[in-house]
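To start, the structure under review is shown below, and the notes come after it.
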Amino acid sequence: PWVKHLDAKKSHSWLTPSGDVLIPAGAMSKAECILGDASGRAILCKIPVGKGMMIYLGWRISRSMPSGREPSTIEQESVFEDQVRIVMNIMSELYPGNVH
């Protein structure tokens with residue numbers, strides 16, 4: 001449900017920009033890969049820890065934030081919105097009723 005808003009037919013090049021850290025496949029056998037590449041490396045995953053979980057978010061949303069002297073493009077705004085929506089979906093699951 002965290003990534004249900006992403007269009008599967010659309011290219012999401014922001015998922016693997018240089019500088020992001022992908023968790024290698026097999027590094028954590030119990031991890032649930034939510035977003036990753038074809039080799040199994042994860043940029044977004046959920047790992048059970050005791051009675052809770054650890055959420056790994058391997059990209060920096062701030063890098064996609066439209067800013068600067070030039071007006072942002074519709075594509076830049078869309079990428080930023082996709083990323084923020086993922087975080088909001090995660091927070092809505094963790095804290096239902098408290099995220100706006």
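The values are calculated or read from the model by the stated rules, or taken from the named source; none is laboratory data. Being a predicted model, the structure only gives us computed values, none of them experimental. Here Cβ is always computed from backbone atoms with ideal geometry, including for glycine, and neighbour counts include all displayed protein chains. All accessible areas refer to the heavy atoms of the entire protein, side chains included, with ligands and DNA or RNA removed. Shrake-Rupley method; radii C 1.70, N 1.55, O 1.52, S 1.80 Å.
Mind checking the per residue accessible area of the stretch 61-100 for me, 1.4 Å probe, whole number of Å²? Spell out each step's value before the answer.
Working: 3060 Å² over 40 residues.
Result: 76 Å² of accessible area for each residue.
Could you order the peptides 85-91, 69-75 from most to least packed, using the average number of other C-beta atoms within 10 Å per residue?
On the way: 85-91: 16.1, 69-75: 8.4.
Most protected by this proxy first, the peptides run 85-91, 69-75.
Heads up, I need the accessible area for residue 77: 1.4 angstrom probe, whole protein in place, Å², nearest 10.
In the full protein context, residue 77 sits at about 90 Å².
Over the stretch 46-99, what is the mean sequence separation of C-alpha contacts under 8 Å (at least six apart), divided by residue count, expressed as relative contact order in percent?
On the way: 26 pairs, mean separation 11.1, N = 54.
Relative contact order, the stretch 46-99: 21 percent.
Could you order 33, 45 so the one with the most accessible surface comes first? Probe is 1.4 Å.
Values: 33 70, 45 0 Å².
Largest to smallest exposure gives the sequence 33, 45.
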